[in-house]
C-alpha cells in the first residue's frame, strides 16, 4: 500500500484533472489522504465528490484553522501516513499514468540494494507545462541545469534537486522526521537532507508528471538558461540573499535535530554552513573547497561567494 499525501487550499480551478490522473494510475494500490487548509472556494466539495467514487481510497481531513503555508500543511499531513511507502501530490499538477509504478519500481530496486531498514527517497524528472497543460519544457532537470548525481548531503545542503510532488519515501525515512522544523526551507528539501545524511536517494530519469506553472504557484520553475533568469539574479539580490540565509538557518537546525546521529565530519560541515553569512570571501572559498559545498553552475557559485 502507498499513501499519497495532498495538501489543498483554494485549488478548485485545477483539482479535478489532478484527481482524475491519480484515479487513472496503472498501479491502484494506493490511498489518497487530502488535508484541506480552510479553503474558501469549492475545493472541499470537489474532494467530497471524488470520495463518493472511491470511498475506500480517498480520505479528507479538514483543518480547523489555517496552517499558514503549503509547507506547514504538508508537514501536518505526515502524521496521517502509515503505509510502507509515501508519495506527495500537489493540487494543480497532472500525474502521468505510470508515475506510481515507475517510482515504486525504482524504490524496490533500492530496497534490494540497500536493505528495507535504510531510509530511502526516490524522485523523478518533470515536464513543465503552462496552465493549459501545454509543454514549456519536457525536462525540469535540463531546464534548471540540475544534476541528479548531486544527491549527497553536501550537495543537497546548498542546492536541492528533489521536487516534492515527484517523491516517494519509505517508512524508515519518515520515522526520522518526528518534528516540524521551524527553519526548514521546504518539506521536500528537509526530507532530501534526511535521506542524504542517513540513507540513499534514487532518481528516475523520466518525466512522470505535468508540472503546471501559473500565477498562483507557491514555487515556480525558472529557466536558468534564459536572459530573464540572469537579470533576475542581478536585480533580486535581496531575495536571493534571504533564500541563502534560510539555508544557513536550516543547516543549523538540521545539526541540532540530528546531532547524535551525525558523523563528526557531517557536524563540522553543517556547523560551517550555518555560519556562512558571517564569513569573508576567502573563508567561504576555503569552506566550499573543504566540504565541496559548490552549487552547480558558475553564476550560482558566484552568488554563494558574493551574497
Given R₀ = 22 Å, FRET efficiency for residue 116-residue 178 by Cβ-Cβ distance, to 0.05? 0.65
Using the scaling law 2.2 N^0.38 Å as the reference, what is the normalised Cα Rg of segment 1-103? 0.99
From the helices alone, meaning DSSP H stretches of at least four residues, give me the mean residue ellipticity at 222 nm for the chain, per-run term -39500 (n - 2.57), in deg cm²/dmol to the nearest 500. -13000 deg cm²/dmol
Say each of residue 271 and residue 45 gets a label point 7 Å from the Cα, pointing the same way as Cα to Cβ; how far apart are those two points in nm? 5.8
Distance in nm between label sites at residue 65 and residue 296, each 7 Å beyond Cα in the beta-carbon direction? 4.2
Stretched out fully, how many nm does the piece from residue 213 to residue 54 gain, at 0.36 nm a residue minus the Cα gap? 54.4 nm
For the Cα atoms of the chain, what angle does the longest principal axis make with the long axis of helix 264-274, in degrees from 0 to 90, nearest 10? 90
With an 8 Å Cα cut-off and a minimum separation of 6 or more residues, compute the relative contact order for segment 71-141 in percent. 17
Quick one: what does P(r) look like for segment 251-307 with 5 Å bins over all Cα pairs, in whole %? 4, 20, 27, 22, 15, 9, 2, 0
Residue 242 paired with residue 108, simple spin-label distance in nm, labels 7 Å along Cα-to-beta-carbon: 4.6
Relative contact order computed over segment 2-212 (Cα-Cα under 8 Å; 6+ residues apart), in percent: 26
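Bear in mind these aren't lab numbers, they're just calculated from the coordinates by the rules spelled out. Here the structure is a predicted model, which is why all the values come from computation and not from measurement. Neighbour counts run over all protein chains shown; Cβ positions are idealised from the backbone, glycine included.
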